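First up is the structure itself, then whatever we jot down about it.
The values are calculated or read from the model by the stated rules, or taken from the named source; none is laboratory data. Remember, predicted model here, so these are calculated numbers, not experimental data. Counting neighbours? That spans all protein chains shown, and the Cβs are built from the backbone with ideal geometry, glycine included. Note: areas computed on protein heavy atoms with side chains; ligands, DNA, RNA excluded. Shrake-Rupley method; radii C 1.70, N 1.55, O 1.52, S 1.80 Å.
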Amino acid sequence: GNSPPTAELKMREWWVHVGLICIPLVAVYLHIPPPHLSPSLQKWHTAGELFHFRDREIFYRDSFGALGSSDVIILLHGFPTSSFDWNKIWEPLTQRFHRVIALDFLGFGFSDKPRPHKYSIFEQASVVEALVAHLGLSNQRVNLVSHDYGDTVALELLYRSDQNRTGHLIINSLCLSNGGVFPETNYPRLLQTLLKDSSILAPVLMRLTNYKLFQRGIGHVFGPYTQPTDAEFWDMWTGLRYNDGNLVLDSILQYINQRSKHRERWVGTLTSTIIPLHMIYGPLDPVNPHPQFIRLYKQLVQRSTITILDEHISHYPQLEDPTGFLNAYLNFIHSF
């Protein structure tokens, strides 16, 4: 009943091959140290502070700018990046506003990234309210500017404000940009869909996601003529990898399902609010495509004004066309 030795040898050889393939994979799987912060990201980090929200540390920046202005602006970033998305318009905003504030949502950038944790848009809205209270701005009118994931957080804040919920912000105006406001015109990337819906694959995919894959994924949502530089891609990746942020992506991505589930609440408040609204839109966006998205927006949100940027601007307008973004925003702010 003994198997011939050649078969045994072949089997052993096969296992050696499997081992040789698996060892580096396992090493990758278990731990690759996060990349070092570039000088520009280090500078951003150093200029920021931390505050505590339910035993978690949240990173934020708060710049005092223009004298003679009492206006406060709060910037809400998108997925999967961080407050550093606003770095190209930060200085000009501080020249126009008294206070410019941005934060990294829980699970993003330099904020804590607890796991396991059920991340939700509701919790992120509470993080923003807590920050506003922490900064002593609860009785101050604030202007919100949001992008992507931040759009949905802004809509929850708008809902709480319009419903007069305790702790709500006093919103002076809201400017949205390139977010999946309507589930029906929102097309998440393949990897996002896999991560949010596949409990078996997700942990493996998240650990095996590397810089090259990340760069390709993010590159797809930038226009061909407005691609980030290698240094900018690397900064986005560093922000994601900080505190092992790659390992909470699947949990954060549940926001896509939350948008569908709470569509009436969030789209409802957008269509009924009397707060000044503006949409800055990069029309080359594959996630919220033109003209489908803007057509629906015009139809449903009739009180909002809209700026459609140049046709080669895509999903990250504040990074792809900072000047166009800024001009559109300042025109909106001066219009009411």
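See the values below:
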item: Selection from 105, 182, 83, by position along the positive dipole direction of the chain (Cβ); result: 182
item: Alpha-carbon Rg/Rh ratio, for the stretch 158-242, with Rh computed the Kirkwood way; result: 1.08
item: Sum of side-chain charges, residue 78 neighbourhood, beta-carbon under 9 Å (Lys, Arg +1; Asp, Glu -1); result: -3
item: Percentage relative contact order, the chain, counting C-alpha pairs under 8 Å, at least six apart; result: 19
item: Largest-first ordering by accessible area, 1.4 Å probe, given options 62, 85; result: 62, 85
item: Accessible solvent surface per residue of the stretch 256-336, calculated while the other protein chains remain in place, 1.4 angstrom probe, Å²; result: 45
item: For residue 255, solvent-accessible area (1.4 Å; no DNA, RNA or ligand), Å²; result: 10
item: Among the listed pairs 88/212; 10/196; 43/113; 113/212; 113/261, those beyond 32 Å (Cα-Cα); result: 10/196
item: FRET efficiency, residue 305 to residue 20 (Cβ-Cβ, R0 56 Å, nearest 0.05); result: 0.40
item: Residue 57 long-range amide H proximity, modeled H, under 5 Å; result: 112
item: Percent accessible area from carbon and sulfur atoms, the chain, protein chains only, probe 1.4 Å; result: 57
item: Fraction of antiparallel bridges per DSSP, the chain only, in percent to nearest 5; result: 30
item: Which of 308, 21, 121 is most accessible, then next, and so on - probe 1.4 Å; result: 21, 308, 121
